[in-house]
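The values are calculated or read from the model by the stated rules, or taken from the named source; none is laboratory data. What you are looking at is a predicted structure, and each value in this text was computed from that prediction instead of being measured. So basically every Cβ, Gly included, is an ideal-geometry build from the backbone, and we count neighbours across all protein chains shown. Ligands, DNA and RNA are excluded from the accessible area calculation, which covers all protein heavy atoms including side chains. Shrake-Rupley method; radii C 1.70, N 1.55, O 1.52, S 1.80 Å.
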Amino acid sequence: MPTYDFRCESGHTTESVEHRETRAIACSSCGSSASRVAVPSRVGLAGFTVTPIGERMVPLSRFREAHDTIVHEAARAGVTPPDTLKIAKHAAREITKHRADLLG
């Protein structure tokens, strides 16, 4: 199981090995609830690793470039492109509900 950092409202940071669905634990310093925080990168046993894709912040310019590529390729293939804005809004709502700490 991976190691995650958790931070309580008092500012204490606790490092703990937890299942990846675990979003909060008891703070080891004060006992209050500590939420998992995003960590830019970790050094693993096999070398360097990066933050999981689901936890990365994505610049709007990358979204726009990906959207334009999808629309262009769909037009070339003669199919209707997916509504990427609707998909992105749904993902943003999920982040807001479950991972507000990623909103910066």
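Which value in nm describes the separation of the simple spin-label points at SER28 and VAL79, placed 7 Å from the Cα toward the beta carbon?
4.9 nm
Quick one: Karplus J couplings for segment 18-23, per residue in order, coefficients 6.51, -1.76, 1.60, θ = phi - 60°, nearest Hz, x for Gly and Pro?
With coefficients 6.51, -1.76 and 1.60, one gets 9, 5, 5, 7, 5, 9 Hz.
As a test of reading the structure, rank ILE95, ILE25, ILE87 by solvent-accessible area (1.4 Å probe, protein chains only), most first.
Descending accessible area places them as ILE87, ILE95, ILE25.
Cβ neighbours within 10 Å, averaged per peptide: list 10-18, 70-78 in order, most packed at the top.
Highest to lowest by the protection proxy: 10-18, 70-78.
According to a simple spin-label model (label point 7 Å from Cα along Cα-to-Cβ), what is the distance in nm between THR51 and HIS12?
Roughly 2.5 nm, to one decimal.
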